[in-house]
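Novice: Can you read through this structure? Questions will come right after.
The values are calculated or read from the model by the stated rules, or taken from the named source; none is laboratory data. Given the structure is predicted, the values throughout are model-derived calculations rather than measurements. Virtual Cβ from ideal backbone geometry, glycine too; neighbours counted across all protein chains shown. Accessible surface areas use protein heavy atoms only, side chains included; no ligands, DNA or RNA. Shrake-Rupley method; radii C 1.70, N 1.55, O 1.52, S 1.80 Å.
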Amino acid sequence: MTQHPVPRPAGGGEDSIAAVEAELDSTRHEMADTLDELAARLDVKTRGKEKVHEVKQRTQVAARSRDVQIRGGIVAALVIAMIVMLARRKRRISAE
């Protein structure tokens with residue numbers, strides 16, 4: 001493999017070299033971040049596990065919500081039953 005000399009900007013000196021090296025370092029970090037993101041997107045097994053966890057959480061929340069609705073319905077039915085019983089009792093007492 002043949003190495004070619006790095007072209008140096010005219011008149012820049014050490015500052016130009018440092019700027020180019022900083023630019024290369026920045027580009028390297030950006031590319032590493034991009035590759036990490038692509039690897040995460042292509043990791044089907046992990047994404048599947050995340051989706052399963054998400055669906056499980058939503059299902060649990062929905063189940064808790066249904067439980068609350070059922071309990072509320074039971075309480076409402078009991079209150080209505082008590083009102084009906086008290087109304088009948090009051091009618092019986094009034095009729096006598």
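Novice: What's the local net charge at Arg47, with K and R +1, D and E -1, over the other residues with C-beta under 14 Å away? All intermediate terms of the calculation are to be shown ahead of the outcome.
Specialist: Working: positive: Arg41, Lys45, Lys49, Lys51; negative: Glu37, Asp43, Glu50, Glu54.
Every neighbour counted, the sum reads 0.
Novice: Another question, if that's okay. Accessible area per residue, 1.4 Å probe, Å², for the range 39-79: what's the number? Mind dumping the intermediate values first?
Specialist: Details: 3710 Å² over 41 residues.
With the other protein chains kept in place, the range 39-79 gives 90 Å² per residue.
Novice: Report the one residue of Ala40, Ile17, Ile83 whose Cα lies farthest in the direction of the positive end of the charge dipole of the chain (charges on C-beta: Lys and Arg +1, Asp and Glu -1; origin at the Cα centre).
Specialist: Most positive-ward Cα: Ile83.
Novice: A follow-up question, please. If you fit an axis through the alpha-carbon atoms of helix 44-95 and take the longest principal axis of the Cα set of the chain, what angle between them do you get, 0 to 90°, nearest 10?
Specialist: Once rounded, the angle reads 20 degrees.
Novice: Can you give me the solvent accessible area of Asp33 with a 1.4 Å probe, rounded to the nearest 10 Å²?
Specialist: 100
Novice: Now for a separate question. Using the Cα centre as the reference, give the magnitude of the dipole from point charges on the C-beta atoms of the chain (Lys, Arg: +1; Asp, Glu: -1; all else neutral), rounded to the nearest 20 debye.
Specialist: Here the size comes out at about 2200 debye.
Novice: Under Stokes-Einstein, with the Kirkwood radius over Cα pairs standing in for Rh, what whole-number D in µm²/s applies to the chain at 10 °C and 1.306 mPa s?
Specialist: 74
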